[in-house]
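Participant: Sharing a structure, written as structure tokens. Questions coming.
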Amino acid sequence: METTFHHRSFALAPGRVFSPRATTERLVDTALELIGDEAKTVADVGAGSGVIAVTLAAANPLLEVWATDTSAAAVELTRENASRHGVTDRVHAVQGDLLAPVPIPVDVVVANLPYLPDSLHDPRYNAEPPDAVYAPGDGLGPYQRLLNACREGKLVSPGGLVVIQFHREVRAADCWQLEDLRADLEKRSLAAA
């Protein structure tokens, strides 16, 4: 099965790997705008099918992208999609949690992580792997852990950015000024509940 994302064709694995949505194209657009035409190292955290990582690399030949996911099926699919678009030399798909498998500091972190509370069942996502949609408790755990990892400074270069999608909206912040972003996520989570 296939889909079109950002004017490119990608392989999918329905039921095994989350299928990308058109709303995530705004995340890619925002990241590309912030990066410009510079050479950067990017981490796509929770890469899923790899559409974000591959699209970024295809759009900017100066980017090196580390695509991480806890799912072996997602890592495999990301590699397949990177090969399809000729960017395997710059898209490194690795299995692991958040930024842990990335061996070098990155300049930009992009993420579209699970954020719906596990107590909230949304029938629109019945065909998706539950761990790609739902997070324990209020749903903010994965993003809070990512923001904490970004703040530690060992994994993100000075002046690094984080760009995330949360409830179909894109948010960006300097990795060392994350309190406003954290407060915004908590406020939006409460409003959505």
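Participant: Within segment 96-113, track down each residue that is surrounded by fewer than 16 Cβ atoms within 10 Å (Cβ to Cβ) and not aliphatic (A, V, I, L, M).
Facilitator: Gly96, Asp97, Pro103, Pro105
Participant: Select, from Thr24, Thr78, the only residue that is touching a Gly at 6+ places or on another chain (Cβ under 6 Å) and of a type in the set (Val, Ile, Thr).
Facilitator: On inspection, the qualifying residue turns out to be Thr78.
Participant: While we're here: Return yes or no: is Gly48 modelled with pLDDT of 95 or more, part of a loop (DSSP other than H, G, I, E, B) and closer than 19 Å to Asn126 by Cβ?
Facilitator: Spelling it out, Gly48 is indeed modelled with pLDDT of 95 or more, part of a loop (DSSP other than H, G, I, E, B) and closer than 19 Å to Asn126 by Cβ.
Participant: Within segment 13-31, restricting attention to residues that are surrounded by fewer than 19 Cβ atoms within 10 Å (Cβ to Cβ) and not basic (Lys, Arg), which residue is nearest to Pro130 (Cα to Cα)?
Facilitator: Looking at the filtered set, the residue picked out is Gly15.
Participant: Name the single residue, out of those in segment 106-129 being within 21 Å of Arg171 (Cα to Cα) and part of a loop (DSSP other than H, G, I, E, B), that is modelled with the lowest pLDDT. Steps first, answer last, please.
Facilitator: First, pick out the residues of segment 106-129 that are within 21 Å of Arg171 (Cα to Cα): 106-117.
Now narrow it down to the ones that are part of a loop (DSSP other than H, G, I, E, B): 112-115.
Numbers: Asn112: 95, Leu113: 94, Pro114: 91, Tyr115: 87.
Among them, the one singled out is Tyr115.
Participant: I've got another one for you. Which residue pairs have Cβ atoms closer than 7 Å, lie 6 or more positions apart in sequence or on different chains, and pair a first residue in segment 19-37 that is under 23 Å from Asn126 (Cβ atoms) with a second residue that is of a type in the set (Val, Ile, Thr) and crowded, with 17+ Cβ neighbours inside 10 Å?
Facilitator: Short answer, once both residue conditions are applied: Pro20/Val51; Thr24/Ile52.
Participant: So, in segment 83-92, exactly how many residues are more than 18 Å from Lys40 (Cβ to Cβ) and surrounded by 21 or more Cβ atoms within 10 Å (Cβ to Cβ)?
Facilitator: Number of matching residues: 0.
Participant: Tell me, which residue of segment 114-125 that is over 19 Å from Val163 (Cα atoms) and not aliphatic (A, V, I, L, M) is surrounded by the fewest Cβ atoms within 10 Å (Cβ to Cβ)? Step through it out loud before you land on a result.
Facilitator: Our first condition is that a residue be over 19 Å from Val163 (Cα atoms); within segment 114-125, this holds for 117-125.
With not aliphatic (A, V, I, L, M) added as a condition, the list becomes 117-119, 121-125.
On the way: Pro117: 18, Asp118: 16, Ser119: 11, His121: 12, Asp122: 10, Pro123: 6, Arg124: 8, Tyr125: 16.
That would be Pro123.
Participant: Return the residue satisfying two criteria in turn: it lies in segment 140-186 and is within 16 Å of the chain's Cα centre (by Cα) and in a loop (DSSP other than H, G, I, E, B), and of such residues it is modelled with the highest pLDDT.
Facilitator: Leu140
Participant: Which of the following residues is touching a strand residue (DSSP E or B) at 6+ places or on another chain (Cβ under 6 Å), of a type outside the set (A, V, I, L, M, F, W, C) and surrounded by fewer than 21 Cβ atoms within 10 Å (Cβ to Cβ): Glu128, Glu169, Glu152, Glu80?
Facilitator: The unique qualifying residue is Glu80.
Participant: Please list, ordered by first then second residue, the pairs with beta carbon atoms under 7 Å, 6 or more apart or interchain, first in segment 85-104 and in contact (Cβ under 8 Å) with a residue 40 or more places away in the chain and in a loop (DSSP other than H, G, I, E, B), second buried (at least 19 other Cβ atoms within 10 Å of the Cβ) and aromatic (Phe, Trp, Tyr).
Facilitator: Between residues of segment 85-104 that are in contact (Cβ under 8 Å) with a residue 40 or more places away in the chain and in a loop (DSSP other than H, G, I, E, B) and residues that are buried (at least 19 other Cβ atoms within 10 Å of the Cβ) and aromatic (Phe, Trp, Tyr), the close pairs are Val102/Trp66.
Participant: Being touching a strand residue (DSSP E or B) at 6+ places or on another chain (Cβ under 6 Å), farther than 22 Å from His167 by Cβ and not in a strand (DSSP E or B): is that true of Ala57 here?
Facilitator: It is true that Ala57 is touching a strand residue (DSSP E or B) at 6+ places or on another chain (Cβ under 6 Å), farther than 22 Å from His167 by Cβ and not in a strand (DSSP E or B).
Participant: Out of Ile52, Ile35, report the one residue that is under 15 Å from Asp107 (Cβ atoms) and among the hydrophobic types (A, V, I, L, M, F, W, C).
Facilitator: Details: Ile52 fails: under 15 Å from Asp107 (Cβ atoms).
The unique qualifying residue is Ile35.
Participant: Then there's this: Assess whether Glu80 counts as being under 19 Å from Thr24 (Cβ atoms), part of a loop (DSSP other than H, G, I, E, B) and not hydrophobic (A, V, I, L, M, F, W, C).
Facilitator: no
The values are calculated or read from the model by the stated rules, or taken from the named source; none is laboratory data. Because the structure is predicted, anything quoted here is derived from the model rather than measured. A quick note on method: Cβ atoms are made from the backbone with ideal geometry, for glycine too, and the neighbour counts reach across all protein chains shown.
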